[in-house]
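Since the structure comes first, as structure tokens, the remarks are kept for the end.
Every number here is computed from the coordinates shown, using simple stated rules; none is lab data. Since the structure is predicted, the reported quantities are computational estimates derived from the model, not experimental observations. Don't worry about glycine lacking a Cβ; one is built from the backbone with ideal geometry, like all the others, and counts go over all protein chains shown.
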């Protein structure tokens, strides 16, 4: 077997390993989503991590009929979060019984600029999978490390569930 064939065989094996690890994780995790797929896949895949992103995108893709939701729906989302090692980690609860939430835009205001006329605010879009009347964990890598900062949900996307 030539060097190129050996590399191809190793990459194919890594792809199978990634798929099997991700499949095993989704079977035991109640919070499994594209973001969870990527996070777990990258953690387990090592050098084969680039294959994780394309696998998870194909597996989870955009939710059906996902659209930007009204402020009234956003007001039903609440949760807690804290900053740890460059991540904003938390739990969100979807208190709305009519919409499944698929994506959020979270704003984080730099605490050093909060009292200025134009405070520095960073926008983070994250994919989530929060059914109606359910809670899910989320994590997003932030640009700056903070001990504490103001954060809030600016926008949400999702779709109406069948009643």
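Exposure proxy shown here: for 82, 148, the number of other Cβ atoms within 10 Å sets the order, fewest to most, as 148, 82. Taking the square roots of five times each eigenvalue of the Cα gyration tensor of segment 67-160, the equivalent ellipsoid has semi-axes of 24, 14, 10 Å, listed largest first. Pairs of Cα atoms nearer than 8 Å and 6+ residues apart set the relative contact order; for segment 67-160 it is 41 percent. The order of 106, 101, going from fewest to most other C-beta atoms within 10 Å of their C-beta, is 106, 101.
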